[in-house]
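Working notes, beginning with the structure itself.
The values are calculated or read from the model by the stated rules, or taken from the named source; none is laboratory data. Keep in mind that what you see is a predicted model, and the values were worked out from it rather than measured. As a convention, Cβ positions derive from the backbone with ideal geometry for all residues, glycine included, and neighbour counts pool all protein chains shown. In case anyone asks, the SASA skips ligands and DNA or RNA and just uses the protein heavy atoms, side chains included. Shrake-Rupley method; radii C 1.70, N 1.55, O 1.52, S 1.80 Å.
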Amino acid sequence: MATHPEALRRERILNSKLYFDVPLSKVSIIYSSSYDISFMGIEKLHPFDSSKWGRVCKFLVSDGFLEEKAIVEPLEASKIDLLVVHSENYLNSLKSSATVARITEVAPVAFFPNFLVQQKVLYPFRKQVGGTILAAKLATERGWAINIGGGFHHCTAERGGGFCAFADISLCIHFAFLRLRISRVMIIDLDAHQGNGHETDLGDDNRVYILDMYNPEIYPFDYRARRFIDQKVEVMSGTTTDEYLRKLDEALEVASRNFQPELVIYNAGTDILDGDPLGLLKISPDGITSRDEKVFRFAREKNIPLVMLTSGGYMKSSARVIADSIENLSRQGLIQTRPE
């Protein structure tokens with residue numbers, strides 16, 4: 001067995017089962033009913049809609065854009081997979097229900113036996129991590145992939161927070177470097193919150209370019225991680241749709257001049273929506289649709305594979321907005337939601 005940290009990481013990635021061949025009868029949309037968190041109702045104590053992921057898929061199916069049998073079901077990320085980025089100490093800390101309560105910001109979780117917390121909270125997160133990692137493989141094969149979940153951009157190798165227990169973006173990129181022979185990755189993080197997790201993990205890696213467009217007046221106030229952002233676009237509380245989209249156009253133009261990626265990871269949080277209690281921005285649902293279309297066109301015009309993650313969004317309306325945006329991408333011919 002290898003003992004050097006980089007050799008161990010390589011061995012773990014090469015032996016992982018998370019990459020598997022997806023038949024053409026499936027489309028590049030990844031989801032599992034296991035994503036959705038239901039824990040005796042206490043999940044409602046956090047503003048995040050932990051059934052959002054399933055409701056997005058239900059909308060896509062009921063609207064006739066997607067067949068359930070065409071959705072890709074990922075595997076759960078194992079402890080060995082998680083050790084590619086996370087330390088043994090960090091993973092062991094999750095055996096404390098109090099630690100998970102802090103990360104998920106739901107205090108009563110601290111009082112439940114840890115085996116229940118593992119099953120009801122951390123297992124869904126590990127399934128979503130598996131989905132994010134698989135999405136990169138699928139994107140390089142088919143041009144795009146959407147994980148209806150993931151985007152846990154506040155978690156670093158050594159610390160979780162902000163409802164993020166595992167660093168799925170960092171993991172996805174390390175897998176892509178080795179298994180897909182990708183050498184340059186661009187993260188486009190358009191969640192309302194700063195993506196301090198992947199910035200801390202990957203910000204000093206010159207193979208990774210980070211464009212982060214976020215509200216600096218809200219969590220996480222991670223000033224150290226901000227130093228690792230290659231392209232910082234700050235949008236203050238109250239920013240409206242037109243101003244936001246103008247700043248995004250400018251940012252994508254600058255990014256295209258600064259870096260030539262072989263893979264784009266798009267963190268597409270909907271907490272920028274007008275009325276979101278945590279994002280504090282004023283972007284309309286149509287603005288979300290336009291935003292997502294702009295990012296997909298950015299990647300399509302340069303023939304760069306794109307992975308989309310749904311990330312944050314703290315209103316019940318988020319699921320409908322995400323589904324509407326995916327349906328628009330399909331109508332515009334930017335994605336294909338029917339098997340070939």
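Screening 230, 242 for residues that are under 20 Å from the mean Cα position of the chain (by Cα) and not aromatic (Phe, Trp, Tyr) leaves exactly one candidate, 230.
Quick one: in region 299-313, which of the residues that are closer than 20 Å to residue 151 by Cα and of a type outside the set (Val, Ile, Thr) is surrounded by the most Cβ atoms within 10 Å (Cβ to Cβ)?
Pass one, region 299-313, residues closer than 20 Å to residue 151 by Cα: 299, 304-313.
With the extra rule that they be of a type outside the set (Val, Ile, Thr), the set shrinks to 299, 305-306, 308-309, 311-313.
Numbers: 299: 24, 305: 25, 306: 27, 308: 31, 309: 28, 311: 27, 312: 27, 313: 28.
Restricting to residues being closer than 20 Å to residue 151 by Cα and of a type outside the set (Val, Ile, Thr), the top hit is 308.
Report yes if residue 233 is among the β-branched types (Val, Ile, Thr), buried (at least 24 other Cβ atoms within 10 Å of the Cβ) and touching a strand residue (DSSP E or B) at 6+ places or on another chain (Cβ under 8 Å), otherwise no.
Taking the combined requirement at face value, the residue does not satisfy it.
When residue 260 is tested against (1) surrounded by fewer than 16 Cβ atoms within 10 Å (Cβ to Cβ); (2) of a type outside the set (Gly, Ala, Ser); (3) over 22 Å from residue 176 (Cα atoms), just one condition goes unmet, and that condition is (3). Selection of region 47-89 for residues being open to solvent by less than 40 Å² (accessible area, probe 1.4 Å), within 20 Å of the chain's Cα centre (by Cα) and among the hydroxyl-bearing types (Ser, Thr, Tyr) yields only 50.
Before we move on, is residue 237 without any contact (Cβ under 8 Å) to a residue 60 or more places away in the chain and part of a loop (DSSP other than H, G, I, E, B)?
Considered against the rule, which asks whether it is without any contact (Cβ under 8 Å) to a residue 60 or more places away in the chain and part of a loop (DSSP other than H, G, I, E, B), residue 237 comes out as yes.
Does residue 220 count as at pLDDT 95 or above, under 17 Å from residue 164 (Cβ atoms), open to solvent by 10 Å² or more (accessible area, probe 1.4 Å) and assigned to a loop (DSSP other than H, G, I, E, B)? The answer is yes for residue 220. Considering region 263-305, and only residues there that are under 24 Å from residue 36 (Cα atoms) and in a strand (DSSP E or B), the residue that is farthest from the chain's Cα centre (by Cα) turns out to be 273. If I filter region 242-260 for residues that are part of a strand (DSSP E or B) and under 21 Å from residue 312 (Cα atoms), do I get at least one hit? No, because not a single residue in region 242-260 is part of a strand (DSSP E or B) and under 21 Å from residue 312 (Cα atoms).
Exactly one residue out of 292, 271 is open to solvent by less than 70 Å² (accessible area, probe 1.4 Å), within 20 Å of residue 195 (Cβ to Cβ), among the acidic types (Asp, Glu) and in contact with a His (Cβ under 8 Å, 6 or more places away or on another chain), and it is 271.
The set of residues from region 176-215 being among the aromatic types (Phe, Trp, Tyr) and buried (at least 24 other Cβ atoms within 10 Å of the Cβ) comprises just one member, 214. Across region 132-182, the qualifying residues are those that are over 23 Å from residue 87 (Cβ atoms) and of a type outside the set (A, V, I, L, M, F, W, C), and the one among them that is farthest from the chain's Cα centre (by Cα) is 181.
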